[in-house]
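Student: Below is a structure I'd like to ask you about.
The values are calculated or read from the model by the stated rules, or taken from the named source; none is laboratory data. In this text the structure is predicted, and so the values were computed from the model without any measurement. Cβ: placed from backbone, ideal geometry, glycine included. Neighbour counts: every protein chain shown.
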Amino acid sequence: MTTYIAQFIAKHIKIPVKQHSIFIWQQESGEIDAELLENKIKREAAIHFYRLESKDTVEIGLADISVEVLKAMPFGG
């Protein structure tokens, strides 16, 4: 298994706050599948960020979040 790090920006269609963050994950060595990574970030990071940000005033669904991965690379830290 190889550990990777990605820098990303997440946006929600109803909440005017962008999440600028990093995401660390492990996978078998090889190509990073951008679509799978974006979905993993949505499920494991962005949805929780927007649930905290909304204070239960907006229903948060995965389809309402978009993720742009700016950079991804192996991580040795």
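Student: Looking at the range 21-50, I want the residues that are over 12 Å from VAL69 (Cβ atoms) and have a partner that is part of a helix (DSSP H, G or I) with Cβ atoms under 7 Å, at least 6 apart or on another chain. Which pairs are those?
Tutor: So the pair list comes out as ARG43/LEU62; ILE47/LEU62.
Student: Turning to a different aspect of this structure: Looking only at residues that are hydroxyl-bearing (Ser, Thr, Tyr) and part of a strand (DSSP E or B) in the range 1-29, which one is nearest to the chain's Cα centre (by Cα)?
Tutor: By that ranking, first place goes to SER21.
Student: Could you list, in sequence order, the residues of the range 51-72 that are of a type in the set (D, E, K, R) and without any contact (Cβ under 8 Å) to a residue 60 or more places away in the chain?
Tutor: Within the range 51-72, ARG51, GLU53, LYS55, ASP56, GLU59, ASP64 meet the criteria.
Student: What is the residue count in the range 9-20 for residues that are modelled with pLDDT under 95 and farther than 13 Å from ASP64 by Cα?
Tutor: The qualifying residues number 0.
Student: A further question on this structure: Those residues that are touching a helix residue (DSSP H, G or I) at 6+ places or on another chain (Cβ under 7 Å) and either over 21 Å from GLY76 (Cβ atoms) or loosely packed, with under 14 Cβ neighbours inside 10 Å (or both), I need them from the range 2-29; list them, please.
Tutor: ALA10, HIS12, ILE13, LYS14, ILE15, VAL17, GLN19
Student: Return the residues of the range 30-61 that are among the polar types (S, T, N, Q) and either surrounded by 15 or more Cβ atoms within 10 Å (Cβ to Cβ) or not in a helix (DSSP H, G or I) (or both); say none if nothing qualifies.
Tutor: If the condition is that a residue be among the polar types (S, T, N, Q) and either surrounded by 15 or more Cβ atoms within 10 Å (Cβ to Cβ) or not in a helix (DSSP H, G or I) (or both), then SER54, THR57 are the ones that fit.
Student: May I pose another question? So LEU52 ticks every box in (1) at pLDDT below 95; (2) under 24 Å from GLY77 (Cβ atoms); (3) not charged (D, E, K, R) but one. Which box is left unticked?
Tutor: That leaves (2) as the condition not met.
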